[in-house]
Structure formats: structure tokens, C-alpha cells
Amino acid sequence: MAATGSAVGLGNLWKFPYIAGENGGGAFVLVYLLCILMLGIPVMVAEVMLGRRGRQSPIRTMAALTREAGVGKFWNGIGWLGVVAGLLILSYYSVIAGWALAYIPDMTQGLFQGANAEQVKMRFDALRADRNGLIYYQSIFMLLTTGVVVFGVSRGLGVAVRLLMPLLFLILVALLVFAWQQGDFARGFEFMFHFNFEALTGESVLVALGHSFFTLSLGMGSIMAYGAYMPQQASIGKTVLMVGGLDTLVALMAGLAIFPIVFAHPGLEPSAGPELLFISLPIAFGNMVGGVLFGTVFFILVTIAAWTSAISLIEPGVAWLIENKGFNRFTANLLLALIAWVLGLGTVLSFNDWSEYTVFGFTFFDGMDFLTSRIMLPTTGLLIAVFVAWVMPRVLSKDELNGEGSVAYCLWFWMLRWVCPLGIALVLVYGLYDTFSS
Ligand code: PFF
């Protein structure tokens, strides 16, 4: 439950459709699905397995396992990279979650009733230009995230996920029906599943790889932290396949709801960028029966989905501060949330006052996303694969995964040993070269 709550979030509803739109649709979607299946799933099994083996915070788990494996401290870097990536991601994640929060009152007031593309865009542009408004909503979201401490992580998360998933699913189905009836469904479908390989570049393959880690919450220690709570007799393989399957389903449904609406409205473009979700779906809610209710519930759900993910972004750092630096849960959360909040101001400004300032063509927000999704997460994923398949004695993983069946274990080990390191390294090198040479 907690892992699903961590995986399903803004990555599925907001980020996947917009990067698929920016990278030409079909071929990108195919590469993304391949990355999930061939790289994401095996690394996820490895991460959960490390967490369950270590049963502590990611940093301590890695320290204990490197000791057990009798290798140097270099591998502890996996835990560290994760904690830092989590904070950086949280900084911009909370700003985008703030957009969803800001849309809740708009929806309840029926602001988008009967709206066309232009009116919805005007509303979004006003939100983006309103620096103080963005800071206000970012702050509320951050308070919600830190507030979880008061109620205890597991109880709050369980209820949120159990309620959220079926409801989110229902609303996505309603949106699909709307897209089918009122949108250009055929074009939307073709855009997502027609494999137009010319649109694919080294850079877009790297974006797909980075996103497959981002959406499954990998390479960050979050999943490792949750693995530490997993019962010994539960099947890691089955759990991971279920989380990965649900996560992919939600992303594909979001895309299939959004693109038909985009193609049916002349003012909208699939490559609109980060605002795609926020300028396409309000049109649907503004023009469907019961749109005020559906729209309100949808943006509440987006916020909750972001919230269950944000908790897992902060958790590895919190656990480390408690175990190593003598913090209590409350102050550890507060300190890390404060750091992420201050960094988030850079993202807020990159949508208005600083939108002209770029380095290598990246705004502050793009830079954060680039650094985390395209560099840090794949790097940690690579290190995890190499550590588990090459460094750690094989008996350890075999012992931890002995309930999974020997064929499944061998297949997984082979993928982790060969396919994952080579695949990730190739995409990283080629993608970075392509990004900076173009
Ligand atoms: N998987 C989340 C999403 O798709 O929105 C984002 C995320 C959460 C990434 C936790 C990384 C992480 F550790």
C-alpha cells in the first residue's frame, strides 16, 4: 500500500503526459514501457530486497550490507545520493502539488464551467504569474506533508491509499469516457501508441529512463526504506509487479484522458510542457455533467496522491537524522521540509520572475528536474544493480528471495547483472552527450 502510494503521484498524472507530449508521443511511450519492464522492475526488486535485508534507514542499511559483503565505503553513496535526490525532488514537487491545491477552490466555485481553451489558459497563466500565491500553496502542501508526523506514517498512508486508488481510478474512467465522447480520441490514441521513431532522440530516451525510475520512486532510498517494513513471508516479486502495473496503468490512463482533449481544442498543444494537465483537464471538467464535483474530487485526489509520494521523498532523510544525529521525528521533518521549501522558491520563481534566466537552456526548475531525474536517479539505479548483482555475495540475495521460485530468481539476477547496468550506462552516456551536443 505504502509503496503504491509512493509510486502513484504527480509523476503519473502530471509528468508522464507532459514529457510524452514533449517527446513526440508513441515511440517515447514504448521506450518508457520497456524501461519500466527491463530496468525499473528488476532494480525495484533489488531495492526492496536490500531494504528488507537491512531493516534500517537506507543509509544504515547500505552501511550494514557493505560491511556484511566486506566491501569499501564507496557503496554507502547509494544511501547518500538518495537522501539528497529526495530533498531536491521534494523542492519542486511541492510547488507543482501547490498548483493542484490552487485548482481545488477554482473547481468548487465552478470557475471553469463552460470554459474554452483560452479561458483555462488565462487562469493558469495568472496562477503562474502570481508568485506569492504559488508560495502560499507550496507552503500549505509542505505543511500537510510534515503534518503526517503527528498522525504517524503508516495509519495515515493506509487509509489514504485504500480510499484514493479506487476513487482515482473511477474519475480517470469518467475522464476517459469524456475524452471518448467529446475529444478526438482516435488522434489522442494514435499520438500515444503510434511508434513514430523519428521523434526519438538520445535525449528523449534518457528522459524515458529517468522517468521510469522517478515514477516507480526508485534510486532514492524511499522504496528501500519501505522494504525495511515488509514482512518476511510476503513475495517481493509479486508486490513489485503489482505496484509497477498499477503505476503504469494510471499513467497511461492519464495520457489517454488528456491527449484527446488536447487534439479537440485548437488552442492546445501536446508539447505544452509542465502546464499540460492544468490546461487540458479543466476543459473536460468544465464541459461534462457533474464537472464541478468530479473536478473538485479530482484535484483533491491529485493533491493526496502527491502527498503520499512526498512523504516517501522525505522519509529516508528523516530516518537518517533520527538514527545518526539524535533528532526526533518532529524536528527532523521540520528541518528537511524547511530546506526543501527554500529550494522550492527557486522553482516558484522560475515560472515567473526568473523565467528568462537559464543555464544551458535550463530554468531553475528544469535544472532540478534534470539533475534528479536524468542524472541522480539513473546513477543510483545503476549502482544498486551493480552492488546487488556483482558486489554482494549472491547467497545473500538468494536467501532473501528464496520464496520467489528459482526460475524467477535466475531471470531477475541475470537481468540485474547484465541488462540493467549496460542499459542504464548506455542511455546515460548517450543521452547526456545528445543533450549537451544539441
Ligand atoms: N513516484 C512519484 C511520482 O510518480 O509522482 C515521485 C517520487 C516519489 C519519486 C518518491 C521518488 C521518490 F522517492
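The values are calculated or read from the model by the stated rules, or taken from the named source; none is laboratory data. Note that the structure is predicted; figures quoted are calculated from it, not measured. For neighbour counting, all protein chains shown are included, and Cβ atoms are generated from backbone atoms with ideal geometry for every residue, glycine included.
Tell me the residue from A100, A85, A63 that is out of contact with any Gly (no Cβ under 8 Å at 6 or more places or on another chain) and not hydroxyl-bearing (S, T, Y), please.
A100
If you go through the stretch 373-382 one residue at a time, do you hit one that is surrounded by fewer than 24 Cβ atoms within 10 Å (Cβ to Cβ) and within 13 Å of the ligand (Cβ to nearest atom)?
Within the stretch 373-382 (the criterion being surrounded by fewer than 24 Cβ atoms within 10 Å (Cβ to Cβ) and within 13 Å of the ligand (Cβ to nearest atom)), the answer is yes, since at least one residue qualifies.
Give the number of residues within the stretch 59-89 that are of a type in the set (S, T, N, Q) and over 14 Å from S222 (Cβ atoms).
Residues in the stretch 59-89 being of a type in the set (S, T, N, Q) and over 14 Å from S222 (Cβ atoms): 2 in total.
Test A199 against the stated conditions and say whether it is away from the ligand (no atom under 16 Å from the Cβ) and modelled with pLDDT under 95.
Yes, satisfied.
How many of the residues making up the stretch 211-225 are more than 6 Å from the ligand (Cβ to nearest atom), part of a loop (DSSP other than H, G, I, E, B) and within 13 Å of W80 (Cα to Cα)?
Residues that pass the stated criteria total 2.
Among the residues of the stretch 106-127, is any of a type in the set (A, V, I, L, M, F, W, C), in contact with a Leu (Cβ under 6 Å, 6 or more places away or on another chain), closer than 26 Å to V297 by Cβ and touching a residue at least 24 places away in the same chain (Cβ under 8 Å)?
yes
Give the number of residues within the stretch 46-67 that are assigned to a helix (DSSP H, G or I), of a type in the set (S, T, Y) and under 9 Å from A228 (Cβ atoms).
Final tally of qualifying residues: 1.
Of the residues that make up the stretch 290-306, is at least one within 27 Å of L163 (Cβ to Cβ), modelled with pLDDT under 95 and not in a helix (DSSP H, G or I)?
Taking every residue of the stretch 290-306 in turn, at least one turns out to be within 27 Å of L163 (Cβ to Cβ), modelled with pLDDT under 95 and not in a helix (DSSP H, G or I).
Those residues that are surrounded by fewer than 22 Cβ atoms within 10 Å (Cβ to Cβ) and farther than 20 Å from A251 by Cβ, I need them from the stretch 26-52; list them, please.
If the condition is that a residue be surrounded by fewer than 22 Cβ atoms within 10 Å (Cβ to Cβ) and farther than 20 Å from A251 by Cβ, then R52 is the only one that fits.
Give me a count of the residues in the stretch 207-247 that are free of Cβ contacts under 8 Å to residues at least 40 places away in the same chain and among the small types (G, A, S).
2
Give the stretch 323-341 a look and list any residue that's hydrophobic (A, V, I, L, M, F, W, C) and in contact (Cβ under 8 Å) with a residue 40 or more places away in the chain, or say none.
F330, L334, L336, A337, I339, A340, W341
Could you tell me whether any residue of the stretch 10-32 is away from the ligand (no atom under 16 Å from the Cβ), more than 23 Å from G210 (Cα to Cα) and among the small types (G, A, S)?
no
Which condition number in (1) under 25 Å from Y137 (Cβ atoms); (2) surrounded by fewer than 24 Cβ atoms within 10 Å (Cβ to Cβ); (3) modelled with pLDDT of 95 or more; (4) within 14 Å of the ligand (Cβ to nearest atom) is the one that L249 fails?
The one condition L249 does not meet is (1).
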